[in-house]
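Read the structure below first, then the notes.
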Amino acid sequence: MMKIFSIGDMVNISFLDWSFSIHSVFKEVINLETQYGIVSFVLKSIGGGPNNIVVDSLYENFDSFVFKKEIKFDLSNVPMYDSTFHFCNADKIYLMNNIYKLEYILINESNSKSAAFLLDEKRLENFKTPLEINLARRIQIGFQKLLNFDISAVKTLKGLGYGLTPQGDDLIDGFIAALFFYETCFNISTYRLRKEIYMLALTNNKLSNTFLYYTSRGLFYERFKNVLLSLVSGENIEHTVKSMLAFGETSGADILTGFLKGIKILLEGGSALCQ
Amino acid sequence: MPVKGIVKKGAYYDSVTLMLVARDATKLDGIEDVALMMGTLQNKSILETSNMLLQEFKDAQDNDLLIAVKGGSEELVEKALKEIEKLLSKGKSSEESQSDFVPRSLESALKVMNDANLVLISVAGKYAGDEAIKALRNGLHVMIFSDNVPKEKALLAKQIGYEKGLLVMGPDCGTAIINGAPLGFSNVVERGDIGIVSAAGTGLQEVSSIISNNGGGISQAIGTGGIDMKDYYGGLSFLTGLRALIDDPQTKVITLISKPPSEIVLKKLKDTLKTTNKPVVGCFLGADESVVKDLGALPAKTLEEAALLSVSLSKGIPFESFKKEIDEREITIKKEAEELAEKVKQGRKYFRGLFQGGTLAYETELILTEMLGKIYSNVPLKEEFRLKDSWKSEKHTIVDLGEDEFTVGRPHPQIDFQLRNKRILEEAKDSEVALIYLDLVIGYGTNMHPIEDFVPTIEEVTKNGEVIVMVNVTGTDKDPQDKKAIMKALRDAGAVVYDRNAYATKVAGNVIKLIGA
């Protein structure tokens, strides 16, 4: 019997009584398409998330559950994963110091093909073929526009890059997270901007839309939430960042790059632009 | 320059797969650029800028995979596209196979090849048990590469195999050599009269490679997967494998490799071994010699000893003269260590081992614990020496990078060196580190370009001469990566290079002892 360790606070468990289908299957994640959106069954190594159900084994009995609907879950005693992030009255200088630590780890530890070249141009040497060079340039130009709060750049970035959640999407996700983080730390509303970026970024990539939806509402996956908590507390920064970097080939690094660039602009005074 | 491509409708691949395949494909002869991207508007625009947007891509959707190749000639491009499809079908994370050219069931596979007698099963774990049972009921041997197989199904498969005398290698069996055919991660070894049963994957690779490199040959190398020796499974696959080797006329010497088996398994092994007069070498890493002797087998303390003893027996050399040779060799090991110890900069004292192979890490840990005492690890011999944080070394440390904590979202370290390379550079920055020890397992299934992907990191570390880098290469000269060239490149890069893990570990242990850590 599949053991459930935690259930995300945004999972509407009513989906279990309705029809649902498999969206995509990976080694450690099975994404289901339900009438309430994407619900992901994930292994512990992936961790909690607003729409994640963390289980001990993905494949044992899963066919009975998905295809035959023979298995009923007892969710009464399953802990809920809290994806919200609360904090206030951050010390700007303390935060900036921690953000520099994050930047150092990102530049030195992230995948050579990640978007961390936005932090250190020397890393552009890792992009060798004409296609890779074009991709990197397009990301550079698009993201710089977004950093200038020209949100039309979202259309340029969205869907750009490899994989089911392309690099451009991850950068946007990180940037939205920076807006929310700034709002939480300094009590300055970024709601309108977050919502506009999310609306502009919507495409028919349901998985990517789901990630952006939750981030735009300040709901975070466990690994990312841990990074944010370590930045305000100053504890375990290296550990949480490395754990985030192990997420996907470049996804973790790209989200963090988007976040880092965004929060630096905001802390350096760019908040005036976003209001 | 010709560009060709294909659209795969609704094909979900993660970025790990796409980037690795694109990287490998770009290295193919005459290929200038390769794109494997989802068909988003933005990606299509990038392709257009790069002169790689084909007419057939224009209607593709966000969920379609676009594959485009630019190269020197139409022929080379066509060839590369075929290779990419092959690489994708190997690396596909999703369950469904997209290929139209392979049979989709065991039944149809048997129609195509009706004289087959072994089935390699590598489907999602939940299905693997049923497929194995189906194959066994058809009288076929099985190798189950898959893990996460429901344990009741795995046990049933092993029981059927045991009763019918059919091999059940696995679940989670990564390596075997059957009738000369390498399966999974394995090396190209000489054929001969030494048969191996192993419940340790890289242990089997190390022993079979050393045998082959030292004039011996392999009749059969049967992997069982590590879990087989657990009480629940009772070593059923190991016992079936052993019986097969006892009955095999090509096998004259039998070599057993495992971590120490339980009492129940040992009793069954003893009963089975009573039925043969063939010489048997037992290497139960970490077990007392008396355990092996009690089975009526000749004890080997290390994988290297197991291999060399097997070769000696195969060539008719008695056990005593073999032991004498091994004992005398300790002098050479100490001499090599003395020379290396002189090069260590004062203040540096710690050993750091970063491993691709679990069994190799385990063996090194056993040897060094005996020589140096406390060894910290993410897979410690004693719980009290578990690393607080696997990403951070403490004093003498051994890290098995093949453990789940390091493989989340990325390929195994035998395939992708990136994570270990970073860790090597990190360890080298630690002013207390004297020696960095690394294994490099080559052969089928592993990284095909170690010179490009691994050697530059070694060069980087050794350039200021402050840290000794020791590399043990597991593999043979016939492996596809060119072992000789790799060893030369590593030496040129400043590493001390060996091709036997136990030997290399002893040299390393002596270096650390000599510098007084």
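The values are calculated or read from the model by the stated rules, or taken from the named source; none is laboratory data. Bear in mind that the values here come from a model prediction, so they are computed numbers and not experimental data. FYI the Cβ positions are ideal-geometry reconstructions off the backbone, even for glycines, and counts take in every protein chain you see. Calculation scope for accessible area: heavy atoms of the full protein, side chains included, ligands and nucleic acids excluded. Shrake-Rupley method; radii C 1.70, N 1.55, O 1.52, S 1.80 Å.
Can you tell me what the convex hull of the Cα atoms of chain A projects to on average, as an area in nm²?
Answer in nm², one decimal: 14.4.
Based only on Cα atoms, what mean projected area does the convex hull of segment B:375-517 have, in nm²?
Across all orientations, segment B:375-517 yields a mean hull projection of 8.7 nm².
Residues of segment B:43-64 losing 50 Å² or more of accessible area relative to the isolated chain, 1.4 Å probe, heavy atoms only?
Listed by number, the residues meeting the 50 Å² cut-off are B:ILE46, B:ASP62.
What is the set of long-range amide H partners of B:THR255 at a cut-off below 5 Å, with H atoms built 1.01 Å from backbone N?
Amide H to amide H, under 5 Å and 5 or more residues apart or across chains, B:THR255 pairs with B:GLY195, B:ILE196, B:VAL197, B:VAL281.
Helix-only mean residue ellipticity at 222 nm, chain B, DSSP H runs n ≥ 4 weighted -39,500 (n - 2.57), per residue, nearest 500. What is it?
-13000 deg cm²/dmol
If amide H atoms are built 1.01 Å from N in the plane of the peptide, which residues on other chains or at least 5 residues away come under 5 Å of the amide H of B:GLY71?
B:GLU32
Restricting to bridges with both residues inside the protein assembly as shown, how much of the DSSP beta-bridge set is antiparallel, in percent to the nearest 5?
Restricted to the protein assembly as shown, the bridges split so that about 40 percent are antiparallel.
Report Rg(Cα)/(2.2 N^0.38 Å) for segment B:214-276, keeping two decimals.
That works out to 1.14 for segment B:214-276.
Counting only C-alpha contacts under 8 Å and six or more residues apart, can you give the relative contact order of chain B as a whole percent?
The value is 11 percent.
Are there residues in segment A:163-182 whose accessible area shrinks by at least 40 Å² when all protein chains are included rather than the chain by itself, and which are they (probe 1.4 Å, ligands and nucleic acids not counted)?
A:GLY163, A:LEU164
Mind checking how much accessible area B and A bury in total, 1.4 Å probe, in Å² rounded to 100?
Chain pair B/A: roughly 4000 Å² of buried accessible area.
Among B:504-511, A:21-28, A:37-44, how do they line up from the highest to the lowest mean number of other beta-carbon atoms within 10 Å?
B:504-511, A:37-44, A:21-28
Can you list residues whose amide H is under 5 Å from B:THR474's amide H, if they're 5+ apart or on another chain and H is modeled 1.01 Å from N?
B:LEU440, B:VAL441, B:ILE442
For segment B:41-85, which trypsin sites (Lys or Arg not before Pro) are both in a DSSP coil and crowded by at most 14 other Cβ atoms within 10 Å?
Within segment B:41-85, the qualifying trypsin sites (Lys or Arg not before Pro) (loop, at most 14 other Cβ atoms within 10 Å) are B:LYS58.
Pull out a ≥ b ≥ c, the square roots of the eigenvalues of the alpha-carbon gyration tensor of the protein assembly as shown, then state rounded if a/c is under 1.5, prolate if not and a/b is larger than b/c, and oblate in the remaining case.
prolate
Let me make sure I get this right: for segment A:101-226, a, b and c are the square roots of the gyration tensor eigenvalues over alpha carbons, sorted descending. Under 1.5 in a/c it's rounded, otherwise prolate if a/b > b/c, else oblate. Which is it?
Cα axes put segment A:101-226 in the prolate bin.
What nm value, rounded to one decimal, do you get for the distance between B:ILE6 and B:LEU110 when each label is placed 7 Å out toward the C-beta?
3.0
Using 0.36 nm per residue of separation minus the Cα-Cα distance, give me the extension gain between B:GLU338 and B:GLN418 in nm, one decimal.
25.6 nm
Loop-only trypsin sites (Lys or Arg not before Pro) in segment B:327-415, please: DSSP not H, G, I, E or B, and at most 11 other Cβ atoms within 10 Å.
Of the trypsin sites (Lys or Arg not before Pro), the ones in loops of segment B:327-415 whose Cβ has at most 11 other Cβ atoms within 10 Å are B:LYS382, B:LYS388.
Quick one: what are the phi-derived ³J(HN,Hα) couplings along segment B:460-474, Karplus 6.51/-1.76/1.60 with θ = phi - 60°, whole Hz, x for glycine and proline?
Values per residue, Gly and Pro as x: 4, 6, 7, 4, 9, x, 8, 10, 7, 10, 10, 10, 9, 9, 9 Hz.
Can you give the % of DSSP beta bridges in chain B that are antiparallel, to the nearest 5?
30
Roughly how many Å² is the accessible area per residue of chain B, as a whole number, for a 1.4 Å probe?
42
Tell me which lysines have Cα within less than 27 Å of B:LYS274's Cα, excluding those fewer than 8 residues away on the same chain?
B:LYS158, B:LYS164, B:LYS230, B:LYS252, B:LYS259, B:LYS293, B:LYS301, B:LYS315, B:LYS323
Given a 1.4 Å probe and every protein chain left where it sits, what share in percent of the accessible area of chain B is carbon and sulfur?
Carbon with sulfur: 50 percent of the solvent-accessible area.
Shape verdict for chain B, please, from the Cα gyration tensor: rounded (a/c under 1.5), prolate (a/b greater than b/c) or oblate.
Because a/c hits 1.5 or more and a/b fails to exceed b/c, chain B counts as oblate.
Calculate one ³J(HN,Hα) per residue across segment B:82-89 by plugging θ = phi - 60° into the Karplus curve 6.51 cos²θ - 1.76 cosθ + 1.60, and present them in order as whole Hz with x for glycine and proline.
Per-residue couplings from phi come out as 5, 5, 4, 4, 5, 4, 5, 5 Hz.
Given the Cα-Cα distance of A:VAL78 and A:ILE22 and 0.36 nm per residue of separation, how much length would full extension add, in nm?
Between A:VAL78 and A:ILE22, full extension yields 17.8 nm more.
If r is the Cβ-Cβ distance from A:GLN144 to B:SER45 and R0 is 22 Å, what FRET efficiency results, to the nearest 0.05?
0.80
With 25 Å as the limit, write out which pairs from B:LYS151/B:LYS374; A:LYS101/B:LYS463; B:LYS8/B:LYS70; B:LYS395/B:LYS513; A:LYS92/A:LYS113 have Cα-Cα distances beyond it, or answer none.
As for pairs spanning more than 25 Å Cα to Cα, those are B:LYS151/B:LYS374; A:LYS101/B:LYS463; A:LYS92/A:LYS113.
Which FRET efficiency value, to the nearest 0.05, do you get for A:TYR191 and A:SER45 by plugging their Cβ-Cβ distance into 1/(1 + (r/R0)^6) with R0 = 30 Å?
0.35
Rg(Cα) of segment B:270-319 divided by 2.2 N^0.38 Å?
Expressed relative to 2.2 N^0.38 Å, the Cα Rg reads 1.09.
Which residues of segment A:126-149 bury at least 20 Å² of accessible area once all protein chains are present, versus their chain alone (1.4 Å probe)?
Residues of segment A:126-149 that lose at least 20 Å² of accessible area once the other chains are added: A:THR129, A:PRO130, A:LEU131, A:ASN134, A:LEU135, A:ARG138.
Quick one: 3J(HN,Hα) in Hz for segment A:28-35, Karplus 6.51/-1.76/1.60 with θ = phi - 60°, rounded, Gly and Pro as x.
For segment A:28-35, the Karplus curve yields 10, 9, 10, 9, 9, 9, 10, 5 Hz.
Quick one: how many Å² of A:CYS185 are accessible to a 1.4 Å probe, rounded to 10?
The value for A:CYS185 is about 0 Å².
Give me the distance between the Cα centres of segment B:256-301 and segment A:118-174, rounded to whole Å.
Centre-to-centre (Cα) distance: 59 Å.
Contact order normalised by length for segment B:106-190, with contacts defined as Cα pairs under 8 Å and 6 or more residues apart; what percent is it?
The normalised contact order for segment B:106-190 reaches 24 percent.
If I model segment B:395-455 as equal point scatterers sitting on the Cα atoms and use the Debye formula, what is log10 I(q)/I(0) at q = 0.20, 0.21, 0.27 Å⁻¹?
-0.85, -0.92, -1.29
How big is the Kirkwood radius of segment B:154-282, worked out from every pair of different alpha carbons and given in Å to one decimal?
Across segment B:154-282, the inverse of the average 1/r is 14.2 Å.
Using a 1.4 angstrom probe on heavy atoms only, work out the carbon and sulfur share of the accessible area of chain A in %.
That fraction is 53 percent.
Using a simple spin-label model with points 7 Å from Cα along the Cα→Cβ vector, what separation in nm is obtained for B:ASN277 and B:GLU328?
3.2
With every protein chain left in place, what is the accessible area per residue of chain A in square angstrom, probe 1.4 Å?
40
Could you tell me how far the Cα centroid of segment B:151-179 sits from the Cα centroid of segment B:364-440, in Å?
First find each Cα centre; the distance between them is then 32 Å.
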